[in-house]
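*Asks:* Here you go, one structure.
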Amino acid sequence: MPHSTLPIINISLSKGDQDAQKKKIASDIDNAACQCGFFYLTGYQIPEQLIADCFKAAEAFFDLPTTEKNKITIEKSPCHRGWYALGGEVLDPVHQREGDIKEGLKIGNDLPLNHPLVTNGIPLHGPNQWPQINFETMPTMDSVLWQKTMLTTYEYFCQTGLEVMQYFAMALNLKTDYFDYWLTRPQSEPMATLSPIRYPALDQAETALSAGAHTDFGCLTLLAQDDNEGLIIAMPDGTWLSVPPIENTLIVNIGDMLAFWSGGKYRSTLHKVSNRSGRTRHSLAFFYDPAYNTPLVNLRNDLAEQNEKGGVVQTALDHLLEKIGDSFSYQQK
């Protein structure tokens, strides 16, 4: 299988008033999103040590006995937060009905029970489930440090996601801050999710996949990989391309929402994971999704004309609820 020839886009020079540089970055992102829907990102402001610490914290959690992880199983959460076991997510039910060979965590916007969105019963909003860690179950850290590591990583990913979305706004000939309202507090509460994932090593003869072929549900995905290969994406010509890890980069890919906003200009690309490295593989997937009431409309059409036509407009929440219901086994019971 050929290895990635995806572009590497550096956003380190994007601060300040360097309009020409910003336009060049927006153009590069636009081209990558049109051609294959994936690119490498470098020059972001997330400390590499923080990413390394988050990987260590995730690995330490996944090493816990199942009885400990079951204490925060996702089935216990009213807002789709917590741990799911091997086979808990079914991304390609047609070809892999038994589910993906991976386990993962869902850590979202940690809202208290008295937050208006929670008291009003808006789905996918509420508190995270946190493991109760002590030095017997996890000798390297306690609960406070574990939570702080995850939440700090979450906030840094939010900042990077917003910066990338500002470039997409420029590329779509919108105001640079067009998406900011739906993606930033206190105006809105974005539905972003940090998802550490563990992929056991697959036998070379095994036909099952670590993650079945799928497109991402939401707006934008930022992915940190360990040093194991496994991510594979579908190219426009029908071939599959391996996307190996490159040190000090993130993978960025377009989700279904952004593809819809762009009127199909940007590709929400089919991809899968096959961990045949002979070692356990870990990744940190950050799904950057907007506020629940964000309308999903084609932003390349005339907005006034769309408003005049009226009709029912699907929201970000409608879309995510439908996709989660289709892909998580506990939702289908």
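The values are calculated or read from the model by the stated rules, or taken from the named source; none is laboratory data. What you are looking at is a predicted structure, and each value in this text was computed from that prediction instead of being measured. Methodologically, a virtual Cβ is constructed for each residue, glycine included, from the backbone with ideal geometry; neighbour enumeration extends over all protein chains shown.
*Asks:* I'd like to check something: does segment 142-150 contain any residue that is modelled with pLDDT of 95 or more, crowded, with 18+ Cβ neighbours inside 10 Å and under 15 Å from the mean Cα position of the chain (by Cα)?
*Replies:* yes
*Asks:* To continue, here is another question. Please specify each residue of segment 267-287 satisfying the condition of being more than 14 Å from ASP226 (Cα to Cα) and part of a strand (DSSP E or B).
*Replies:* Matches in segment 267-287: HIS271, LYS272, PHE286, PHE287.
*Asks:* Considering only residues of segment 173-216 that are outside any strand (DSSP E or B) and charged (D, E, K, R), which is surrounded by the most Cβ atoms within 10 Å (Cβ to Cβ)?
*Replies:* Only one residue fits best here, namely ASP216.
*Asks:* OK, next. Only one of these is in contact (Cβ under 8 Å) with a residue 24 or more places away in the chain and in a helix (DSSP H, G or I): TRP146, TRP130. Name it.
*Replies:* TRP146
*Asks:* Among the numbered conditions (1) at pLDDT below 95; (2) assigned to a helix (DSSP H, G or I), tell me where LEU258 comes up short.
*Replies:* Evaluating LEU258 over (1) at pLDDT below 95; (2) assigned to a helix (DSSP H, G or I) leaves (1) as the failure.
*Asks:* Would you mind telling me which numbered condition in (1) out of contact with any Cys (no Cβ under 6 Å at 6 or more places or on another chain); (2) surrounded by 19 or more Cβ atoms within 10 Å (Cβ to Cβ) TYR288 fails?
*Replies:* Failed condition: (1).
*Asks:* Going by the structure shown, is GLN96 over 30 Å from PRO236 (Cα atoms), in contact (Cβ under 8 Å) with a residue 60 or more places away in the chain, part of a loop (DSSP other than H, G, I, E, B) and not β-branched (Val, Ile, Thr)?
*Replies:* When the stated conditions are applied, GLN96 does not pass them.
*Asks:* Tell me, which residue of segment 33-52 that is assigned to a strand (DSSP E or B) and either among the acidic types (Asp, Glu) or out of contact with any Asp or Glu (no Cβ under 9 Å at 6 or more places or on another chain) (or both) is farthest from ALA285 (Cα to Cα)?
*Replies:* THR42
*Asks:* Exactly one condition in (1) surrounded by 22 or more Cβ atoms within 10 Å (Cβ to Cβ); (2) within 16 Å of HIS282 (Cα to Cα); (3) of a type outside the set (Lys, Arg); (4) in contact with a helix residue (DSSP H, G or I) (Cβ under 7 Å, 6 or more places away or on another chain) is not met by ASP226; state its number.
*Replies:* Against the list (1) surrounded by 22 or more Cβ atoms within 10 Å (Cβ to Cβ); (2) within 16 Å of HIS282 (Cα to Cα); (3) of a type outside the set (Lys, Arg); (4) in contact with a helix residue (DSSP H, G or I) (Cβ under 7 Å, 6 or more places away or on another chain), ASP226 comes up short only on (1).
*Asks:* Can you report the number of residues in segment 226-255 which are closer than 16 Å to PRO7 by Cα and assigned to a loop (DSSP other than H, G, I, E, B)?
*Replies:* So the answer is 9.
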